[in-house]
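Engineer: One structure, pasted below without further comment.
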Amino acid sequence: MVNNTAYKKIHNDGFLFDSHVDTVGAMLYRREGNRWAPPKGRRLQIDLPRLRQGNFGGLFFAAFVPPDDPQPTGRAMSILALTKKFAAEHPDDLALVTCGRELTAARRTGKIAVMHSLENGGYAIDGNLDLIDTFYALGVRCFGIVWNGSNALATGIGGKPTRSGLTRLGKQAIRLLNARGVILDISHINETGFRDVMSRIQAPVIASHSNVHALCPVPRNLKDDQIKAIATCGGVIGVNIYTGFLTQEKISTIAHVADHIEYIVALVGIDHVGIGTDFDGIDRLPEGLEHAGKMPALTRELVDRGFRKSDIRKILGQNHLRILREVIG
Ligand SMILES: [Zn+2]
């Protein structure tokens, strides 16, 4: 057990990069009274004070397009627009960035780097590959191919088993996204689609918010061979803190999050694990990690388990930063 301040110093020395948060979508859905909105009156798990308290240095705000949305492209664009507005309203704290270089520059001035990603991207482009360029121009640098169902590109883990793997359009999309320098995000895709993606990529991929199947055998989690494939391509798995993906028990703790991190490190080494909380997209959180401001408690757990400072920095942010630099620039 470390003393009460040592872990804080380690946590605050580097910074945290979160590869998946749903906060802006939650703001929009709440405004609309949409069924995807978080419960009324509950403070969001991420806001500016909590980001500072948790020493966030950067994050992907996901533009999640629900599968039942009648206007998927417009929906994604609305979330991107609101993300941009949110950053612009807090110019002293936030900076909208589109690459690793800009992220590093934002950090130098003490700002938190806000980045755009799509979740259910194949639905956001509504089967029109020309829109990949449009979303790129808007600043999207991470593309979640599919959500739990099916879209024009692929099928997710909850989709019909008869429809599996990348579609013809999906295969073209992988090529275009790689050529454009957009990070591919394989969270939610089914196993056949995963294999299809991995056999075609020209750059590392991420699983922006996925966990270890061996520790919690639910379809959303990654099997060992998938974790190894992601590591082999140089990719990163952002560990999700949703209780239902951490454990099959009713309640989760910070120890469960650390278990998933430790498992990935033991399987493929320290360079392929990061943080992808899913904040504001989830309702059951570990005890002690109920919101973004509590993230230093995870560092404390990692220190207690004997992780070195340099390893903790990689887990919290440096591994994701490496991918940003490598894939985007
Ligand atoms: Zn998701």
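Engineer: Considering each of GLY193, GLY139, GLY165 in turn, give the residue that is touching a Ser or Thr at 6+ places or on another chain (Cβ under 7 Å) and either within 17 Å of ILE227 (Cα to Cα) or not small (Gly, Ala, Ser) (or both).
Structural biologist: From the options GLY193, GLY139, GLY165, the qualifying one is GLY193.
Engineer: Quick one: would you say SER252 is modelled with pLDDT of 95 or more, farther than 21 Å from ASP185 by Cα, crowded, with 23+ Cβ neighbours inside 10 Å and of a type in the set (Ser, Thr, Tyr)?
Structural biologist: Yes, satisfied.
Engineer: Taking the condition of a type in the set (Lys, Arg) and over 20 Å from the mean Cα position of the chain (by Cα), does ARG108 pass?
Structural biologist: Answer is yes for this residue.
Engineer: Determine which member of the set GLY122, GLY100 is within 16 Å of the ligand (Cβ to nearest atom) and either closer than 19 Å to GLY25 by Cα or not charged (D, E, K, R) (or both).
Structural biologist: Exactly one of GLY122, GLY100 is within 16 Å of the ligand (Cβ to nearest atom) and either closer than 19 Å to GLY25 by Cα or not charged (D, E, K, R) (or both), namely GLY122.
Engineer: Name the residues in region 94-124 that are part of a helix (DSSP H, G or I), more than 16 Å from ALA179 (Cβ to Cβ) and not polar (S, T, N, Q), would you?
Structural biologist: GLY100, ARG101, GLU102, LEU103, ALA105, ALA106, ARG107, ARG108, GLY122, TYR123, ALA124
Engineer: Please state which one of VAL182, VAL205 is at pLDDT 95 or above, surrounded by fewer than 24 Cβ atoms within 10 Å (Cβ to Cβ) and within 19 Å of ARG322 (Cα to Cα).
Structural biologist: Result of the check over VAL182, VAL205: VAL182.
Engineer: Here's something else I'd like to know. Does any residue of region 243-250 turn out to be of a type in the set (Val, Ile, Thr), away from the ligand (no atom under 16 Å from the Cβ) and either farther than 26 Å from ARG175 by Cβ or touching a Cys at 6+ places or on another chain (Cβ under 9 Å) (or both)?
Structural biologist: Within region 243-250 (the criterion being of a type in the set (Val, Ile, Thr), away from the ligand (no atom under 16 Å from the Cβ) and either farther than 26 Å from ARG175 by Cβ or touching a Cys at 6+ places or on another chain (Cβ under 9 Å) (or both)), the answer is yes, since at least one residue qualifies.
Engineer: Filter region 261-285 down to the residues that are outside any helix (DSSP H, G or I) and charged (D, E, K, R), then identify the one that is nearest to the ligand (Cβ to nearest atom).
Structural biologist: ASP278
Engineer: In region 178-205, which residues are without any contact (Cβ under 8 Å) to a residue 60 or more places away in the chain, within 16 Å of the ligand (Cβ to nearest atom) and out of contact with any Gly (no Cβ under 7 Å at 6 or more places or on another chain)?
Structural biologist: LEU184, ILE186, PHE194
Engineer: Out of all the residues in region 125-152, which are of a type in the set (A, V, I, L, M, F, W, C), in a loop (DSSP other than H, G, I, E, B) and within 16 Å of the ligand (Cβ to nearest atom)?
Structural biologist: ILE145, VAL146, TRP147
Engineer: Just the residues that are surrounded by fewer than 21 Cβ atoms within 10 Å (Cβ to Cβ), within 15 Å of the ligand (Cβ to nearest atom) and touching a residue at least 60 places away in the same chain (Cβ under 8 Å), please, taken from region 36-65.
Structural biologist: PRO38
Engineer: THR247 - would you say it is under 28 Å from CYS233 (Cα atoms), in contact (Cβ under 8 Å) with a residue 40 or more places away in the chain and among the polar types (S, T, N, Q)?
Structural biologist: no
Engineer: Same structure, new question: In region 286-329, how many residues are buried (at least 21 other Cβ atoms within 10 Å of the Cβ), part of a loop (DSSP other than H, G, I, E, B) and touching a Phe, Trp or Tyr at 6+ places or on another chain (Cβ under 8 Å)?
Structural biologist: Going through region 286-329 one residue at a time, the tally reaches 1.
For every residue, the table says whether it meets (1) in contact with a Cys (Cβ under 6 Å, 6 or more places away or on another chain); (2) buried (at least 23 other Cβ atoms within 10 Å of the Cβ); (3) of a type in the set (A, V, I, L, M); (4) within 26 Å of ARG325 (Cα to Cα).
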site	(1), (2), (3), (4)
LEU28	no, no, yes, no
ALA76	no, yes, yes, yes
ILE79	no, yes, yes, yes
LYS85	no, no, no, yes
ASP92	no, no, no, yes
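Engineer: Among the listed residues ARG163, ARG175, which satisfies the condition of being at pLDDT below 95 and away from the ligand (no atom under 16 Å from the Cβ)?
Structural biologist: Unique residue meeting the criteria: ARG163.
The values are calculated or read from the model by the stated rules, or taken from the named source; none is laboratory data. Quantities reported herein were computed from a predicted structural model and do not represent experimental measurements. Glycine gets a Cβ as well: all are built from the backbone with ideal geometry, and neighbour counts include every protein chain shown.
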